[in-house]
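Every number in this text was worked out from the coordinates using simple rules, so none of it is lab data. What you see is a predicted model, and the numbers here were worked out from it, not measured in a lab. Please note: Cβ atoms are built from the backbone with ideal geometry, for glycine as well, and neighbour counts cover all protein chains shown.
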Amino acid sequence: MDTEQLLARIIATEDRLEILNLLAGSAFSSDVASESYWTKMFTEDATFDRGATRQDKGRDEILKIVNAPEQKEAIKGGMTHLAMLPHITLNGDTAVATGYLLIVMPDTTASHVQLPGKGTSPGFSIYQLTVNQWKLLRTTDGWKVTNRTVRPISSADSRAILQRAIEVKK
């Protein structure tokens, strides 16, 4: 392996790590309603595609999601986003990351769970499992999201999104 190939591999590794951190922070930022994180995460002209009737265009519209009173109420109720490791495809200064996201809530009607040496924990319920596709762009400020598509796992196109993520392009 020559120096140029080694440098390309190091850059690709750093790109993947930066994207992983960006998306991990997205889950956390949803659980604390961090407008500042979302402002840094999305490009000014980004799109948040939540289905045929829920298209948010532009960062200002996207910020309304994290700032919504309903979001803050859900956070008070214990809503937690659990992001799974995404599959990342790099293509120069663009990338696509695809993965699952679980939204979990405390469930007062669920059985408490006791674990030896750890104590008792209240029950939890999975509110939703979604497929997320993030289109990203390398900017002078690092990687940013240009488009996020979210679909419940039960939606008609969720499996197609997953398949496109792993199909080999020739």
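Across S34, S111, S155, mean-square fluctuation computed from a Gaussian network of the chain (C-alpha pairs under 10 Å connected) peaks at S111.
In the chain, the DSSP-assigned H stretches of four residues or longer account for a calculated mean residue ellipticity at 222 nm of -11500 deg cm²/dmol, using -39500 (n - 2.57) per stretch and the full residue count as denominator. When the Cα positions of N67, V104, S154 are compared along the charge dipole of the chain, S154 comes out farthest toward the positive end, with charges on each C-beta of Lys, Arg, Asp and Glu. Ranking V145, Q114, V32 by Cα position along the charge dipole of the range 3-166, where only Lys, Arg, Asp and Glu carry charges on their C-beta atoms, puts Q114 farthest toward the positive end. The H on the amide N of G58, modeled in the peptide plane, is under 5 Å from the matching H of A46, T47, F48, each at least 5 residues off or on a different chain. Considering all C-alpha pairs of the range 83-124, those separated by over 17 Å amount to 59%.
For the range 3-166, a crude dipole built from +1 on the beta carbon of Lys and Arg and -1 on the beta carbon of Asp and Glu, taken about the Cα centre, is about 360 debye to the nearest 20.
A Förster radius of 45 Å, combined with the Cβ-Cβ distance separating E44 from Q114, puts the computed FRET efficiency at roughly 0.35. Hydrodynamic radius of the range 50-122 by the Kirkwood approach over all distinct alpha-carbon pairs: 16.1 Å. State which entries of K72/K135; K72/K144; K118/K144 exceed 30 angstrom in Cα-Cα distance in the structure shown. Table pairs above 30 Å Cα-Cα are K118/K144.
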